[in-house]
Amino acid sequence: MAKLNPFKNKDVILIKDFTRDDLFYLFQKADKIERMPERDRICLLNGKILGYLFFEPSTRTRLSFEAAMLWLGGRTLGFAEPKVSSVEKGESLADTIRTVENYVDVIVMRHSKDGAASFAAEIASKPLINGGSGTEEHPTQAMLDLYTIIKEKGSIDNLKIGLLGDLKYGRTVYSLLYGLSKFNVEVKLISHPILRVRREIFFDLEKKVKISEHDNLEEILPDLDVLYVTRIQKERFPDLSEYERVKSSYNVNLKILQKAKDDLIILHPFPRIDEISPEVDSSPHAKYFKQMLNGRILRSALLASILDVPF
Ligand code: CP
């Protein structure tokens, strides 16, 4: 019997709201959509509209959601920055959502405030996808990160996974950590001491997954199967002098990678600043551009599942 669609009409706010089985459902659908002949794929979301509300800048999340919708024959409307909407005149988030939901079938929203996505989902009568909320979560990034690990390594269980960089403010980190906690993995957190994972979250994760904290990338690198690199999130520091102290703390380059396993894969949600040297891009370790392509595939499967079209 076919598994019931766990994403049907669902909001996607936190990765915690989905089980390991739900994630595998999505990954199988993503594989299926990728293999689908164009003539079938292009009809899947015919007549459906995605609304995108981006209160913060984005390249990959917005464009890959748009690309996903167009890839399945749907359409999109929205704003890529609040300045061009009536938010600039003082309109509330609640009124913006109540307006847009009249025009679309599903909404993706990015916002600088923690809790904004949950708040908007409570207001919206249409499914709402969190495209990144403050320092809180970016659940669809974690879904595509996990999907990329499975595609590249065959499985997630039994891997040693290092997360490097800004582990305090990086929302992709929190979503990925909670996603990884559904698997049997060993997680190594590598950061400057002032950029450690926030304590309440670390203590919660400790109960769910084998996790440890480190300063030195070179010591940990030989052990790793996956290295997930993040940029230092300058815009989230309350004090810029603190940012100046920690910026450029780490740089992944070909020299350091001589210590890595041959089959280590490197992921990064991007944008990148200086934490991975461009010389790494052409090495067999670099999978971050494939990760971006997987973003469109995974988000296509997610949209088609939320809108519950048969495929
Ligand atoms: N990974 C990610 O969220 O990238 P953007 O900020 O460009 O959307």
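The values are calculated or read from the model by the stated rules, or taken from the named source; none is laboratory data. Worth saying up front: this structure is predicted, and the values here are computed from it rather than measured. When we count neighbours, we look across all protein chains shown, and the Cβ atoms used for this are built from the backbone with ideal geometry, even at glycine. Heads up: the accessible areas ignore ligands, DNA and RNA and are worked out on the full protein's heavy atoms, side chains in. Shrake-Rupley method; radii C 1.70, N 1.55, O 1.52, S 1.80 Å.
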How far, in nm, would the chain grow between A2 and E91 when pulled straight, counting 0.36 nm per residue and subtracting the alpha carbon separation?
-> 27.6 nm
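Where both residues lie in the chain, what percent of DSSP beta bridges are antiparallel, nearest 5?
On the way: 1 of 35 bridges.
Of those bridges, close to 5 percent are antiparallel.
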List the residues whose amide H sits under 5 Å from the amide H of H192, counting only those 5 or more places along or on another chain, with H placed 1.01 Å from N in the peptide plane.
-> G165
Just going by the charge dipole of the chain, with Lys and Arg at +1 and Asp and Glu at -1 on Cβ, which of V246, Y52, P37 is farthest out on the positive end?
-> P37
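Give me the orientation-averaged projected area of the Cα convex hull of the chain, in nm², one decimal. Show your work: numbers first, answer last.
Details: hull surface 65.6 nm².
Result: 16.4 nm².
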Charged-residue dipole, Cβ positions (Lys, Arg, Asp, Glu), region 146-221 about Cα centre, Debye nearest 20 = 300
Quick one: helix 171-180 against the long Cα principal axis of the chain, what's the angle to the nearest 10°, folded into 0 to 90?
-> 80
Can you give the charge dipole size of region 139-292 about its Cα centre, rounded to the nearest 20 debye, using +1 on the beta carbon of Lys and Arg and -1 on the beta carbon of Asp and Glu?
-> 360
Region 166-272 shape via C-alpha gyration tensor axes, a/c threshold 1.5 = oblate
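Explain nothing, just the number: dipole magnitude of the chain about its Cα centre with +1 on each Lys and Arg Cβ and -1 on each Asp and Glu Cβ, in debye rounded to the nearest 20.
Working: 46 positive and 45 negative charges, 125 e Å.
That gives a dipole near 600 debye.
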The lysines whose Cα lies under 22 Å from the Cα of K247, excluding any fewer than 8 residues away in the same chain, are K168, K188, K234, K255
To the nearest 10 square angstrom, what accessible area does V108 show with a 1.4 Å probe?
-> 0
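Length gain on complete extension for the stretch C43 to F202, per 0.36 nm per residue less the alpha carbon to alpha carbon distance?
Working: separation 159, 0.36 × 159 = 57.24 nm, distance 4.41 nm.
Extending this stretch completely gives an extra 52.8 nm.
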Can you list the lysines whose alpha carbon sits under 25 Å from that of K32, skipping same-chain ones fewer than 8 residues off?
-> K3, K8, K10, K16, K48, K151, K153, K182, K287, K290
